[in-house]
Amino acid sequence: MKKAAIYVRVSTPDQHVESQLYDLRELAVQRGFEVVHEYEDRGFCGKNARRPGLDALSHSNQRRTSSVSLMPYVGNLPPLSPSPRESGSRTA
């Protein structure tokens, strides 16, 4: 079973990530992935490339603690590493 990391983000602290987490957990089950980490950023604008949760996901990818990263589609997501082959798959 492939290990997966989940990343979610909301722009303001009063928004909720639960629906994103639910959808991505369901996707993981459907694809046969074991979720080993969940990262989140609350109150961070999508234009901000430096986000604690996203940075933690990037570091996790570099350590290869998961083979797949699941996140909602975001058009302005900065690269997590120089090459997708180095950090595993990126799945929407």
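Values in this text are rule-based calculations from the coordinates and carry no lab data. Everything quoted here is computed from the prediction, not taken from an experiment. Every residue, glycine as well, gets a Cβ built from its backbone with ideal geometry; the counts of neighbours run over all protein chains shown.
Apply the a/c threshold of 1.5 to the C-alpha gyration tensor of the stretch 3-72 and tell me whether it is rounded, prolate or oblate. The shape class here is oblate.
With a cut-off of 15 Å on the backbone N, the residues of the stretch 1-34 near the modelled label site 7 Å out from Lys47 along Cα-Cβ are 11-12. Qualifying trypsin sites (Lys or Arg not before Pro) in the stretch 30-69, where qualification requires a DSSP coil assignment and no more than 12 other C-beta atoms within 10 Å, comprise Lys47, Arg50, Arg64.
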